[in-house]
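Structure first, commentary second.
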Amino acid sequence: MSLKLKKLLSKRARRRRLPARPRILVAQSWWQDRLLEGVAQYAAENNWVLDCEMRWAHRVPVADEWNGEGVIAYVGITKPMKPLIDFLRHQSAPVVLAQPPGPEFNYPSVIIPHEEVGRAAAEHLLTLGFRHFGFVDFADNVMERERCAGFRSTVERAGHNCQLVHFRELAQRLGRLPQPMALFAINDLNALSVMRVCLDGGYRVPEQFAIVGADNTEILCKFAPVPLSSVNCNFEKQGYEAAALLHRLMRGARPPAQSLVISPNGVTARRSTDTIAIPDADAMRALRFLRDHYREPIHLPQIGPLLAQSFRRVQIQFREHTGRTLFQELVRLRVEHAKELLKNPKMKMTQVAAESGFGNRHHFIRAFRRTTGKTPRAYRTELHFSDKRQSVDVEI
């Protein structure tokens with residue numbers, strides 16, 4: 001028998017016979033629904049049945065009673081869940097971990113590097129012109145240390161300093177911190193706590209303190225007192241790739257030698273960083289006026305009475321710090337607002353134009369195309385096409 005034939009037969013022997021509808025357990029000690037969404041998308045494409053009982057029952061299956069073809073698990077980072085770990089150790093089916101808490105968890109895994117999350121937050125804030133940065137820490141754990149390291153190193157490579165601020169001291173230190181300042185916390189829940197301290201102290205977000213979280217938990221970010229900008233950790237892709245890896249293992253493939261790495265997908269920018277760090281007071285007053293009134297039929301000379309300097313001088317200062325004229329900033333604010341309104345497929349273009357501050361539909365279309373390179377209709381079509389999702393059978 002030739003060596004080539006032996007290898008082929010060995011490969012076939014390793015390959016497992018799967019049922020027509022494999023049953024897959026999704027077991028997480030902490031639930032990230034967007035990771036589940038990625039798993040569910042792959043499951044729909046491959047005729048899987050997902051067992052997601054832990055999502056609602058918060059109960060680890062009994063190892064001897066659960067019967068399926070594979071497991072995708074998230075056992076926690078700061079406090080690994082011992083019952084779930086014990087369950088996994090008694091499994092004969094292939095297991096893939098999302099974000100293993102340490103090297104001792106020797107399972108095939110798909111990870112999002114925490115340092116890259118911190119780096120993404122810093123890069124977003126650097127593009128806004130900030131020169132003062134702070135990382136607000138809550139607890140000493142692996143995730144916080146690594147996200148802080150990525151944030152801090154990126155800021156320092158850009159020639160700036162990053163202050164470490166303990167959350168319990170934040171209220172007392174706010175008045176002594178330089179402004180405007182950009183603050184980062186390791187997740188959205190912590191970032192909301194930072195925001196509340198700032199607002200309770202009478203400080204403006206984002207003009208005095210811009211704030212970024214991480215994980216992009218929409219229910220927290222969208223309905224925050226000031227909608228929160230957050231690092232999109234790319235959980236959907238992590239879930240999808242974890243499912244794809246599990247599928248390969250179930251078919252008999254050898255486990256990979258290294259973890260599969262998924263990079264974050266930038267920052268989803270919202271109001272909490274919707275600013276530009278401008279040291280000139282009059283230029284900041286002009287920017288604040290535009291942000292407060294861009295949906296109204298305003299004219300730029302209306303800003304004049306608010307300023308200590310001449311309007312022309314402020315125009316020059318604003319352009320030096322932002323690279324845009326005041327008029328370009330006004331159009332940008334209106335177009336960004338229009339993008340949000342276009343997410344509603346039932347809203348007519350004339351209504352989008354009016355509610356975004358444009359005088360008429362034609363001015364709106366021309367400004368939108370000049371800013372984005374697309375017509376509003378083309379933008380809306382692309383937006384809703386990308387939002388389509390396939391259905392999946394889920395056991396509960």
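Could you list, in sequence order, the residues of segment 32-66 that are in contact with a strand residue (DSSP E or B) (Cβ under 8 Å, 6 or more places away or on another chain) and either in a loop (DSSP other than H, G, I, E, B) or farther than 18 Å from Ala244 by Cα (or both)? Walk me through how you get there before you give the answer.
From segment 32-66, those in contact with a strand residue (DSSP E or B) (Cβ under 8 Å, 6 or more places away or on another chain) are 32, 35-36, 39-40, 43, 48-55, 60-61, 66; that's our starting set.
Hits for segment 32-66 are Gln32, Trp48, Cys52, Glu53, Met54, Arg55, Val60, Pro61, Trp66.
If you check every pair at least six apart or on different chains, which have Cβ atoms under 7 Å apart with a residue in segment 188-201 that is over 20 Å from Asn216 (Cα atoms) first and a residue that is outside any helix (DSSP H, G or I) and hydrophobic (A, V, I, L, M, F, W, C) second?
Sorted first by the residue in segment 188-201, then by its partner, the pairs are Cys198/Val205; Cys198/Phe209; Leu199/Val205.
How many residues, within segment 270-298, are modelled with pLDDT of 90 or more and in contact with a strand residue (DSSP E or B) (Cβ under 7 Å, 6 or more places away or on another chain)?
3
Could you identify the single residue in Asp282, Asp292 that is in a helix (DSSP H, G or I), of a type in the set (D, E, K, R) and open to solvent by less than 30 Å² (accessible area, probe 1.4 Å)? Full working, then the answer.
Working: Asp292 fails: open to solvent by less than 30 Å² (accessible area, probe 1.4 Å).
Of Asp282, Asp292, the one residue that is in a helix (DSSP H, G or I), of a type in the set (D, E, K, R) and open to solvent by less than 30 Å² (accessible area, probe 1.4 Å) is Asp282.
Go through segment 24-70 residue by residue and tally those that are surrounded by fewer than 18 Cβ atoms within 10 Å (Cβ to Cβ) and either among the charged types (D, E, K, R) or on the phi > 0 side of the Ramachandran plot (or both).
9
Please specify each residue of segment 203-232 satisfying the condition of being within 17 Å of Ala277 (Cα to Cα) and either part of a strand (DSSP E or B) or open to solvent by 30 Å² or more (accessible area, probe 1.4 Å) (or both).
Across segment 203-232, the qualifying residues are Tyr203, Arg204, Gln208, Phe209, Ala210, Ile211, Val212, Ser229.
Of all the helices (runs of 4 or more DSSP H) wholly in segment 299-394, which have at least 2 residues that are at pLDDT below 90 and open to solvent by 70 Å² or more (accessible area, probe 1.4 Å)? Before you say what the answer is, go through the steps one by one.
Numbers: elements: 311-322, 326-341, 349-355, 361-372, 376-386.
The qualifying helices (runs of 4 or more DSSP H) are 311-322, 326-341, 376-386.
If I ask for residues that are outside any helix (DSSP H, G or I), crowded, with 21+ Cβ neighbours inside 10 Å and not hydroxyl-bearing (Ser, Thr, Tyr), which ones from segment 71-99 would you list? It would help to see each step written out before you state the result.
Our first condition is that a residue be outside any helix (DSSP H, G or I); within segment 71-99, this holds for 71-81, 90-99.
Retained after the next criterion (residues that are crowded, with 21+ Cβ neighbours inside 10 Å): 71-75, 94-99.
Residues satisfying the conditions are Val71, Ile72, Ala73, Val75, Pro94, Val95, Val96, Leu97, Ala98, Gln99.
What's the number of the only condition in (1) part of a helix (DSSP H, G or I); (2) farther than 23 Å from Lys339 by Cα; (3) open to solvent by less than 50 Å² (accessible area, probe 1.4 Å); (4) touching a Phe, Trp or Tyr at 6+ places or on another chain (Cβ under 8 Å) that Leu287 fails to meet?
(2)
Is one or more of the residues making up segment 177-193 among the polar types (S, T, N, Q) and touching a Gly at 6+ places or on another chain (Cβ under 8 Å)? I'd like the intermediate steps shown before the answer.
Kept after step one, since they are among the polar types (S, T, N, Q), are these residues of segment 177-193: 179, 187, 190, 193.
Okay, now just the ones that are also touching a Gly at 6+ places or on another chain (Cβ under 8 Å), so 187, 190.
Yes: segment 177-193 contains one or more residues that are among the polar types (S, T, N, Q) and touching a Gly at 6+ places or on another chain (Cβ under 8 Å).
List pairs: first residue in segment 239-266 and at positive phi, second residue in a strand (DSSP E or B) anywhere in the structure, Cβ distance under 9 angstrom, at least six positions apart or on different chains.
As it stands, the answer is Gly266/Val231, since those pairs meet every condition given.
Hey, can you tell me all the residues within segment 111-159 that are free of Cβ contacts under 8 Å to residues at least 12 places away in the same chain and either among the β-branched types (Val, Ile, Thr) or open to solvent by less than 10 Å² (accessible area, probe 1.4 Å) (or both)?
Within segment 111-159, Thr127 is the sole residue that qualifies.
Among the numbered criteria (1) surrounded by fewer than 20 Cβ atoms within 10 Å (Cβ to Cβ); (2) at pLDDT 90 or above; (3) aromatic (Phe, Trp, Tyr), which single criterion is violated by Phe105?
(2) is the only condition that Phe105 fails.
If a residue has to be aliphatic (A, V, I, L, M), part of a helix (DSSP H, G or I) and crowded, with 17+ Cβ neighbours inside 10 Å to count, how many in segment 164-196 make the cut? Walk me through it before giving the result.
Taking segment 164-196 first, the residues aliphatic (A, V, I, L, M) are 164-165, 170-171, 174, 177, 181-183, 185-186, 189, 191-192, 194-195.
Applying the additional criterion that residues be part of a helix (DSSP H, G or I) yields 170-171, 174, 189, 191-192, 194-195.
Checking which are crowded, with 17+ Cβ neighbours inside 10 Å leaves us with 170, 174, 191-192, 194-195.
The qualifying residues number 6.
The values are calculated or read from the model by the stated rules, or taken from the named source; none is laboratory data. Worth saying up front: this structure is predicted, and the values here are computed from it rather than measured. When we count neighbours, we look across all protein chains shown, and the Cβ atoms used for this are built from the backbone with ideal geometry, even at glycine. We work out accessible area using only protein heavy atoms, side chains counted, and drop any ligands, DNA or RNA first. Shrake-Rupley method; radii C 1.70, N 1.55, O 1.52, S 1.80 Å.
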